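Report on the following structure.
The values are calculated or read from the model by the stated rules, or taken from the named source; none is laboratory data. All of these numbers come straight from a predicted model, not from anything done at the bench. In this analysis, Cβ positions are derived from the backbone assuming ideal geometry, glycine residues included, and neighbour counts consider all displayed protein chains. Surface accessibility is based on the protein's heavy atoms, side chains included, excluding ligands, DNA and RNA. Shrake-Rupley method; radii C 1.70, N 1.55, O 1.52, S 1.80 Å.
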Amino acid sequence: MLIRVHPDIAKLVPYSPGKPLDELERELGIRGAVKLASNENPLGPSPRALAALEKGQETVHLYPDGGAHHLTRALADRWKVSGDHVIVGNGSDEIISLLVKTFMSPGEEAVMADHTFVMYRLAVTGGHGVCVEVPLKDWRHDLPAMARAVTGRTRLVFVCNPNNPTGTMVTREEVREFMAAVPDDVIVVFDEAYYEYVRDPHYPDSLDYVRQDRPVVALRTFSKIYGLAGLRVGYGITRPDLAGYLHRVRNPFNANTLAQVAAKAALDDERHVAASRALNEAEMALVDDGLRALGLAPLPSQANFLYFDSHRDGRVVFDRLLREGVIVRHIAGSMLRVTIGRPEENRRFLEALGRVLETLPPAEG
């Protein structure tokens, strides 16, 4: 008897995380490779988070606090909302899946950009929903087109701001017009994983809509500027009724003990956040200049990475960089994304890319 798999699941392509650094070095016979592929904080976690982790080891024989009480209270205090506005997840990825599970039925629709965070597509398709993908315009979310794509079958709209993988953002005024056009029975999810890196003063405040009791979910994470990607902890802020429904389907103990204590400690370490932001801003300018010196034009980014057209076969450039000991992310076609790292890592990337580009003729067209 053959095992039956739902066709929606069968057509999914598993997320490719890449090989561990030590395994890659073993296979290629290289040492000292640098990873600039996953938008991690090159400074690592806050010293306060590391101290909390050491203390937290004493209770790992006990189940975690199933309601993430202390972290929830700290987040509520930080964002001036009540605790019942907050849901903590095993990364914000888990909350994306919970949104689909809670608010979508098979065959219903979720609107998203065609070139954005892959987890929206995986979660919606895995939940037997329909992804309505709206093309980016000038590498940015086309919010008017996304509003027009909303139908009576739309349950969720995902707006990644700043967008991954492009690093571009939509403005406060654009979001205001968008929200005026979206019906009140559609939940708008603002995925703000790179919120703390944003420098543009026109960036919108999604929490304003939460405070207005609009059906909005703001997703944020401790995986990026807080440097806790390996602990998998993110959170959402939304209306209490929506958070209540998400809690009904949330697995108990979804955020582990160490994740909770480290996140709470990291949240209070403004010095580490400021240092991480300053390093990113300074080094991004240098990497941007370096790419332009190589004849490339990266997109303007409000995140901690740059997205650029290599004008070559992107897969070949990616593979050649691997052999130089530099790991970036190949997105599609000729497009590559590079995380901003430490100064020495960024120099190594630019030097390696220069050598690779010299060996490859530009793609025609």
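Among the residues making up the stretch 230-250, those that are open to solvent by 10 Å² or more (accessible area, probe 1.4 Å) and either in contact (Cβ under 8 Å) with a residue 60 or more places away in the chain or more than 16 Å from PRO64 (Cα to Cα) (or both) are GLY230, ARG232, ARG239, PRO240, ASP241, LEU242, GLY244, TYR245, HIS247, ARG248, VAL249, ARG250.
Of all residues in the stretch 262-289, those that are farther than 30 Å from ALA76 by Cα have Cβ atoms under 9 Å from Cβ atoms of residues that are among the basic types (Lys, Arg), 6 or more apart or on another chain, in GLU283/ARG342; LEU286/ARG347.
Only one residue in VAL216, VAL170, VAL189, VAL198 is open to solvent by 20 Å² or more (accessible area, probe 1.4 Å) and either in contact with a strand residue (DSSP E or B) (Cβ under 6 Å, 6 or more places away or on another chain) or at pLDDT 95 or above (or both), so which one is that? Checking each option against the conditions leaves just VAL198. Contact map, the stretch 83-111: first residue at negative phi and among the polar types (S, T, N, Q), second residue open to solvent by 10 Å² or more (accessible area, probe 1.4 Å) and assigned to a loop (DSSP other than H, G, I, E, B), Cβ cut-off under 6 Å, separation 6 or more or different chains; pairs are ASN90/ARG232; ASN90/ASN254.
I'd like to check something: does the stretch 211-228 contain any residue that is in a loop (DSSP other than H, G, I, E, B) and free of Cβ contacts under 8 Å to residues at least 24 places away in the same chain?
Among the residues of the stretch 211-228, at least one is in a loop (DSSP other than H, G, I, E, B) and free of Cβ contacts under 8 Å to residues at least 24 places away in the same chain, which makes the answer yes.
Looking at the stretch 1-23, which of the residues that are touching a helix residue (DSSP H, G or I) at 6+ places or on another chain (Cβ under 7 Å) and assigned to a helix (DSSP H, G or I) is least open to solvent (accessible area, probe 1.4 Å)? Here the residue is ASP8. Go through the stretch 39-63 residue by residue and tally those that are closer than 15 Å to ALA229 by Cα, open to solvent by 30 Å² or more (accessible area, probe 1.4 Å) and either of a type in the set (S, T, N, Q) or outside any helix (DSSP H, G or I) (or both). Matching residues across the stretch 39-63 total 4. Listed here are the helices (runs of 4 or more DSSP H) enclosed by the stretch 236-323 that have at least 3 residues being closer than 30 Å to ASP185 by Cβ: 240-249. Here the condition is being touching an Asp or Glu at 6+ places or on another chain (Cβ under 7 Å) and not charged (D, E, K, R); of PRO165, PRO106, PRO135, PRO144, it holds for PRO135 alone.
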